[in-house]
Amino acid sequence: MPPERREPREAALRHCLQIGVDAIKAGRSPLDVVELVVRELEDNPHFNAGKGSVLTSNGTVEMEACIMDGNTKKCGAVSGISTVKNAISVAKLVMEKTPHIYLGFDGAEAFAREQAFSDGMETVDSSHFITPENIERLKQAKAANRVQIDYTQPIPKAEEETSLPNGDSQIGTVGCVVVDGYGNLAAATSTGGLVNKMVGRIGDTPIIGAGTYANSLCAVSATGKGEAIIRATVARDVAALMEYKGLSLKDAATYVIEECTPERTAGLIAVSATGEVTMPFNTVGMFRACATEDGDSEVAIWHDEPCD
Amino acid sequence: MGGWAIAVHGGAGVDPNLPNERQEEAKQLLTRCLNLGISALRSSLSAIDVVELVVRELESDPLFNSGRGSALTEKGTVEMEASIMDGPGRRCGAVSGITTVKNPVSLARLVVEMVDNDFFITEDNIGMLKLAKEANSILFDYRIPTSGLESCAAVVEKPIQMNGLPISVYAPETVGCVVVDSQGRCAAATSTGGLMNKMVGRIGDSPLIGAGTYACDLCGVSCTGEGEAIIRGTLARDVAALMEYKELSLQEAVDYVIKRRLDDGKAGLIAVSSKGEVAYGFNSVGMFRGCATEDGFMEVGIWE
């Protein structure tokens with residue numbers, strides 16, 4: 001991967017990691033921290049979320065996001081966001097301000113407007129999110145008549161790269177998982193979806209148990225080929241393996257990635273209540289970063305870089 | 001052991017004061033749908049075809065809320081959603097926000113076919129979708145709000161509550177079917193008109209794989225009840241996960257999730273296993289359901 005594609009993302013990862021670490025140290029709750037970090041990633045045009053989201057077959061942006069609190073298992077999700085700057089914040093408001101969990105499209109946008117004076121509900125023209133790279137990607141995907149899952153390169157090649165910090169695979173979803181010193185957990189994921197996706201196509205990100213999940217044992221955010229992640233209920237299964245089969249976080253996560261999803265379709269980041277972190281993936285690479293209280297911290301892309 | 005099995009539901013959370021005629025009507029509908037499924041199974045239709053067939057019948061009848069008879073949003077409009085899952089390969093499809101298609105479950109089935117093409121979505125597939133929409137002629141245009149029904153709130157003294165509504169007002173909003181065919185293949189489908197008085201755009205558990213619907217090599221599950229509790233508890237997936245990871249039997253897994261995965265929520269579910277077993281469970285006041293197995297067992301019920 002050429003440096004000009006790699007470096008801005010690595011730098012962003014480092015920056016977001018630091019923001020998260022500082023927030024945890026300042027005593028912010030894991031739920032607030034994951035939102036904060038994902039907002040930062042959404043605002044960064046190098047990732048497929050918020051600004052920089054890939055385009056639908058109509059050349060529009062349809063963003064989706066999801067957040068979950070481990071202790072209460074309260075969750076919030078949105079799909080079809082096109083004018084709100086930070087979809088993850090809309091998801092959090094759905095969780096906090098409505099009796100529901102998941103709002104989509106017109107309903108989600110209308111709700112965001114009603115909440116316009118809440119923190120972080122900034123709405124913009126949808127052109128804000130569109131970048132030249134993504135216009136190019138869409139053109140190429142249409143020319144190849146494919147839905148492109150590898151969006152990190154404008155030219156649809158077999159080579160895979162991912163483009164999301166904190167555990168996001170090829171599809172470019174961004175995510176963050178956090179455990180604080182008391183074992184409280186939270187997970188958040190946000191994405192623009194697949195290049196050239198059908199208008200209205202919903203991926204794994206907003207599906208509780210697929211792309212996002214947190215309970216009192218662990219918090220998980222997955223990324224990759226949405227349909228594979230949904231089918232394998234990836235995020236829930238990591239937790240279920242820990243709960244029902246007594247596996248460790250690392251073994252559970254590895255099992256799900258290696259045995260439950262096909263090659264080159266998925267990756268995830270996960271933390272446990274006891275402070276462990278794991279980031280397995282079965283794609284060529286996955287932009288990721290992690291940090292723990294005892295001072296370890298890593299930013300990585302490929303398989304041979306240790307980050308567990 | 002072995003052989004086909006089928007279960008259907010017409011929603012969890014039933015008004016204990018439901019008039020007898022309504023109860024009879026419901027039981028007749030459930031029986032009719034079971035028989036439809038049974039004939040299909042006897043003609044060797046695959047599990048996924050059978051669940052689609054049966055849910056279409058449930059959607060078309062206005063008695064249960066889904067398709068015709070769907071509950072209204074706070075604006076008086078209808079938004080339907082459905083999902084379907086095929087155990088072999090865990091192929092699945094889901095739709096939400098449907099307002100003009102007669103049978104949402106069939107639209108969900110079409111999504112399965114498209115997704116199955118790996119991630120190759122072409123003009124042809126989109127065309128197929130358009131054809132389906134046209135073939136499913138519009139019975140009611142749910143996009144037009146029904147006037148005078150913008151607010152469906154009702155005040156009752158100390159009512160049993162379901163999904164935040166008094167049970168006399170609340171209409172159990174979901175239908176579903178699970179089937180294991182004589183080859184041991186499981187499938188599940190769930191369809192709903194959604195929650196009465198819900199926010200526009202609210203998506204519930206019915207179209208969410210792992211929450212309202214799930215099927216794999218081991219079992220097929222369809223849930224109904226308080227959507228948010230079902231989502232939080234990833235109910236349908238957990239039945240299968242308990243069988244897979246904790247090696248519980250179908251009934252044990254069903255009992256476990258109803259007892260321990262719902263917290264304060266009220267819900268019910270139906271399930272079949274690849275071995276030809278059928279099971280159901282609910283912690284709500286009643287659940288419209290029916291089940292049948294190849295060895296001649298058949299039962300339709302509402303209460304415990």
Can you name the number of the only condition in (1) open to solvent by 10 Å² or more (accessible area, probe 1.4 Å); (2) among the acidic types (Asp, Glu); (3) closer than 18 Å to residue B:90 by Cβ that residue B:228 fails? (3)
Please go through the range A:233-288 and give me each residue that is within 19 Å of the chain's Cα centre (by Cα), within 14 Å of chain B (Cβ to nearest Cβ) and surrounded by fewer than 23 Cβ atoms within 10 Å (Cβ to Cβ), ordered by number. A:264
Considering only residues that are of a type in the set (Asp, Glu), over 22 Å from the mean Cα position of the chain (by Cα) and in a helix (DSSP H, G or I), which ones fall in the range A:88-144? A:106, A:114, A:136
So which residues in the range B:237-283 are among the hydroxyl-bearing types (Ser, Thr, Tyr), open to solvent by 10 Å² or more (accessible area, probe 1.4 Å) and within 18 Å of the chain's Cα centre (by Cα), if there are any at all? B:280
Of the numbered conditions (1) touching a strand residue (DSSP E or B) at 6+ places or on another chain (Cβ under 8 Å); (2) over 14 Å from residue B:269 (Cα atoms); (3) modelled with pLDDT of 65 or more; (4) open to solvent by less than 20 Å² (accessible area, probe 1.4 Å), residue B:218 fails exactly one; give the number of that condition. (4)
Taking the range B:285-296 and the residues there that are open to solvent by 10 Å² or more (accessible area, probe 1.4 Å) and not in a strand (DSSP E or B), the one that is nearest to residue B:86 (Cα to Cα) would be B:294
Among (1) surrounded by 24 or more Cβ atoms within 10 Å (Cβ to Cβ); (2) hydroxyl-bearing (Ser, Thr, Tyr); (3) more than 9 Å from every other protein chain (Cβ to nearest Cβ), which single condition is residue B:234 missing? (3)
If residue A:92 satisfies every condition in (1) within 11 Å of another protein chain (Cβ to nearest Cβ); (2) open to solvent by 10 Å² or more (accessible area, probe 1.4 Å); (3) in contact with a helix residue (DSSP H, G or I) (Cβ under 7 Å, 6 or more places away or on another chain) but one, which is the exception? (1)
Just give me the residues in the range A:203-232 being among the aliphatic types (A, V, I, L, M), at the interface with another protein chain (Cβ under 8 Å from one of its Cβ atoms) and not in a helix (DSSP H, G or I), in sequence order. A:207, A:208, A:210, A:232
The range A:57-68: number of residues that are at the interface with another protein chain (Cβ under 10 Å from one of its Cβ atoms) and either surrounded by fewer than 24 Cβ atoms within 10 Å (Cβ to Cβ) or assigned to a loop (DSSP other than H, G, I, E, B) (or both): 1
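The values are calculated or read from the model by the stated rules, or taken from the named source; none is laboratory data. Here the structure is a predicted model, which means the values were calculated and not measured. Note: ideal-geometry Cβ built from the backbone for every residue, glycine included; neighbour counts use all protein chains shown. We work out accessible area using only protein heavy atoms, side chains counted, and drop any ligands, DNA or RNA first. Shrake-Rupley method; radii C 1.70, N 1.55, O 1.52, S 1.80 Å.
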